[in-house]
Amino acid sequence: MKIKFLLSTLLLISGIVSAQTCLDYIPNEWQDSRYINNHNGTVTDTITNLIWKQCSEGQTYSSSDNTCTGSATKMNWQEALGKAGTSFAGKTDWRLPNIKELDSLVVRNCHNPSINETLFPNTPAYVFFSSSPVSSTPSTDAWRVIFFYGYSYYRYHSNSYTVRLVRPRE
Amino acid sequence: MSFFKALILALLTTLLFSCGDGSTPANTPTNLAAVTGGDSQITLTWNGVSGADKYDLYYATETFANIDIANYSALADGTLLMNLTTNHKTITGLTNGIQYYFVVVAKKDNSLESTKLNEITATPTGMNDTGISWGNDSFGNNTTCIGENIAAQDCSHGRDARAIAGTLTKTGAGAAGFDFTKLGATGNLLAVQNQPWALAGTEAAGTQWGCVKDNITGLVWEVKTDAGLADNDTTDSNHTNIHHKDNTYRWGGKTALGKAHADKQGSYYDDWTGLVDGSNAAALCGFNNWRVPTIGELRSIVHYGVHHPAIDTHYFPNTTVDNFFSSSPVSDLADNAWKMDFSSGYGYSSGNRTQSTRVRLVRP
């Protein structure tokens, strides 16, 4: 009985977590081997030379099982920019990524979400803000990426989206 | 055993041990690996050899396979970094987009102890910045890098910020942090780099060019022309004036990703195959490995600091304010492919493969 309950709970959890769909005919340039897990809640991308927080802002990193718990916080652009300089993993040069940096996380062979879920666990298939303002009108917008399937577009600063922080590799 | 037999055996043994290249001695550093991330640099790591006190690292832009390692300087860009005491090394000042060959040799008491059999190759590449060198306030854009929370905004970081500060060194030139070089039809570096494109121009005058090399990503891009007329039917097998700015193609020709895969989804049309084959046959800018770029590669040349079009138009003239197809299929819509809108730089997924769209080739 106990085992049955545990099994059904596991199935329920895995049913929620593994909603991601990947297609094998599209090349996967975002395999685990591309990244170095620093085991402190950060991941190094060896192609772009960027260090990413594994969890979205608002989530909590759990080192024992290398996962992110809790819900990602939605915030407007100024609040997102204000996350820069917060302290994590012994560093204070964390900042909002620009649109090209943010887009480099998009896994083109998968959707829902379109990110490597081993290294960026529990990522919401939602919209993430970049630090890039928009040259064309309206200039009250910022670039963002939808991590459901990797579409990028701009929307109002005042809208609330999720945030993942980045810092350069030394 | 006769004296002669013993002598021959001794000679053979000497020969075998002096030509160490025949097999990997136990003391050759193993697992030589390269981390390619980082502009103009490569980080190498290898397993330490027990008993070795130093390592010599050789690199060149040709293989070491056919030479004695002592003659490394005869190879193109042949370089030796001697007496390293760690089992990792970051080499800077390399050229992006060029393949390098690396060999690490273990030493003891300043003599060579192992061979060159751990040769690996790696190609350094960098990542382009966005081109945004101005800041934003909630009511609008500024002309310089000022605005609310400016230290966290795009213009305060990366190559563009260093370009504003005047601390960025470039191989070529380009807007903001971009670094481009114009190439002629045979791959020659254009002698005159600073002239604008002219319809009746020449390479000698610097007013026409075939390609642009991106000195950060290492990619070489096709440049579109406004000479002559567009081919108004790219669906037939006869493709004319292949580099014309107004040629459009349905998605899925040669080099489209997944084209040869048994489980591919959606339709693949061969419209742009004539552009790929024609560029290779003519050895456009000296290259025969032209292909359609991925959506990430296409985004690398988007200049987000400007719009209509969102590209450095000095280097990429004749860029129509329109969509360009990438080689990347869309994972959740089988009939679509990723395209980049060069009016402002957003990456649609809504590019139906049947919709004729512009294409700009890249290599390698």
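The values are calculated or read from the model by the stated rules, or taken from the named source; none is laboratory data. These numbers were taken from a predicted model, which means no experiment stands behind them. Don't worry about glycine lacking a Cβ; one is built from the backbone with ideal geometry, like all the others, and counts go over all protein chains shown. For the accessible areas, the whole protein counts, side chains as well, though only heavy atoms, and no ligand, DNA or RNA atoms are used. Shrake-Rupley method; radii C 1.70, N 1.55, O 1.52, S 1.80 Å.
Assorted remarks:
- Partner chain coverage, peptide B:121-132 - average Cβ within 10 angstrom: 3
- Euclidean distance of C-alpha centroids, the stretch A:47-101 and the stretch B:137-216, integer Å: 31
- GNM result for chain A, Cα springs below 10 Å: residue of A:Ser64, A:Ser132, A:Ser87 fluctuating most strongly: A:Ser64
- Computed over protein heavy atoms with a 1.4 Å probe, the accessible surface of chain A works out to 43 Å² per residue.
- On full extension, the segment bounded by B:Thr320 and B:His261 gains 18.0 nm, given 0.36 nm per residue less the C-alpha separation.
- Measuring with a 1.4 angstrom probe and ignoring ligands and nucleic acids, B:Thr169 comes out at about 120 Å² accessible.
- Heavy-atom surface analysis with a 1.4 Å probe gives chain A a carbon and sulfur content of 57 percent of its accessible area.
- At q = 0.11 Å⁻¹, base-10 log of I(q)/I(0) for chain B (Debye sum, equal scatterers on each alpha carbon): -0.89
- The protein assembly as shown - Debye-derived log10 I(q)/I(0), Cα point model, q = 0.05, 0.10, 0.11, 0.12 Å⁻¹: -0.25, -0.91, -1.07, -1.22
- Stokes-Einstein D for chain A, Kirkwood Rh over Cα pairs, 37 °C, 0.692 mPa s (µm²/s): 196
- Calculated [θ] (222 nm, deg cm²/dmol) that DSSP helices of n ≥ 4 give over the protein assembly as shown, each run adding -39,500 (n - 2.57): -3500 deg cm²/dmol
- Of all the options A:Val106, A:Val134, A:Val43, the one that moves most in a Gaussian network model of chain A with Cα springs shorter than 10 angstrom is A:Val134.
- Rounded to the nearest 20 debye, the dipole magnitude of chain B is 580 debye, with +1 charges on Lys and Arg beta carbons, -1 on Asp and Glu beta carbons, and the Cα centre as origin.
- The gain in end-to-end length when the B:Ile120 to B:Asn288 segment is fully stretched comes to 58.1 nm, 0.36 nm per residue minus the alpha carbon separation.
- GNM flexibility winner over chain B from B:Arg162, B:Arg291, B:Arg250 (Cα, springs under 10 Å): B:Arg162
- Of A:Thr60, B:Leu199, B:His261, farthest towards positive along the dipole that unit charges on Lys, Arg, Asp, Glu beta carbons give the protein assembly as shown: A:Thr60
- Distance in nm between pseudo-label sites at A:Ser160 and B:Asp277 (7 Å out along the Cβ direction from Cα): 5.7
- Of the DSSP H helices in chain B, those whose Cα atoms cover at least 15 Å axially and whose Kyte score averages -0.5 or more: B:3-18
- Axis angle, to the nearest 10 degrees, between helix A:2-17 and the longest C-alpha principal axis of chain A: 20 degrees.
- Distance between the pseudo-spin-label points of B:Ala227 and B:Ser356 (7 Å out from Cα toward the beta carbon): 2.3 nm.
- The stretch A:16-144: relative contact order as a whole-number percent, Cα under 8 Å and 6+ apart: 25
- Dipole magnitude of chain A, debye to nearest 20 (Cβ charges: Lys/Arg +1, Asp/Glu -1, about Cα centre): 280
- Magnitude of the charge dipole, the stretch A:53-100, Cβ model with Lys/Arg +1 and Asp/Glu -1, debye to 20: 180
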